[in-house]
Amino acid sequence: MSTTEQQEVNVQNDQVVTNENFVEDIVNQQAGPESPEQIQEPVQEPATSMDYEAEAKKFQSMYDRSQAENSRLQQGAQILQLLEQRPDLVQALESGIAQPQTQQQNEPSVGKDDFNPWDAFTDENSESGRYVNNKIESLVN
């Protein structure tokens, strides 16, 4: 090879290296002082911290609900324990549910012969008056 040819080859090699450096310089200038990964991290970080806050609130709410339910169940456990210790209460409750008391049992019983319509509407303290008042209240309820 002649010296001229060698000089041309050297110039072409220098141009290739120079072009690569030139492209890298342009990319670095457009990216600015920070790389693209560093720019995206701060943008993602607030969104991530907001998600953590929302998740924390959600789990706190779930915890509060479970604690409230737990306290209600503890009260039920105390009632269950009382009923297990006192079978007489269980029988009284069962009989009360099976045969509910009617208001007629609480009312004074007035026979047909003992009922006095005049006393029923004029004297509230008489047996007839109490009987009529209880009948009226039961009809209203």
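Cβ-Cβ below 8 Å, separation at least six or inter-chain, first residue in segment 111-139 and in contact (Cβ under 8 Å) with a residue 24 or more places away in the chain, second of a type outside the set (D, E, K, R) and in a helix (DSSP H, G or I): which pairs?
Sorted first by the residue in segment 111-139, then by its partner, the pairs are Tyr131/Ala120; Asn134/Gln103; Asn134/Asn106; Ser138/Gln103.
Just wondering, is there one or more residues in segment 120-137 that are open to solvent by less than 100 Å² (accessible area, probe 1.4 Å), out of contact with any Asp or Glu (no Cβ under 6 Å at 6 or more places or on another chain) and modelled with pLDDT under 80?
Within segment 120-137, one or more residues are open to solvent by less than 100 Å² (accessible area, probe 1.4 Å), out of contact with any Asp or Glu (no Cβ under 6 Å at 6 or more places or on another chain) and modelled with pLDDT under 80.
Any residue at all in segment 86-97 that is within 26 Å of Glu137 (Cβ to Cβ), among the hydroxyl-bearing types (Ser, Thr, Tyr), modelled with pLDDT under 90 and open to solvent by less than 80 Å² (accessible area, probe 1.4 Å)?
Looking for residues that are within 26 Å of Glu137 (Cβ to Cβ), among the hydroxyl-bearing types (Ser, Thr, Tyr), modelled with pLDDT under 90 and open to solvent by less than 80 Å² (accessible area, probe 1.4 Å), one finds at least one in segment 86-97, hence yes.
The values are calculated or read from the model by the stated rules, or taken from the named source; none is laboratory data. Computed from a predicted structure; not experimentally measured. Because the Cβ atoms are built from the backbone with ideal geometry, glycine has one as well, and the counts that use them run over all protein chains shown. Note: accessible area is taken over every heavy atom of the protein model, side chains too, but ligands, DNA and RNA are not part of it. Shrake-Rupley method; radii C 1.70, N 1.55, O 1.52, S 1.80 Å.
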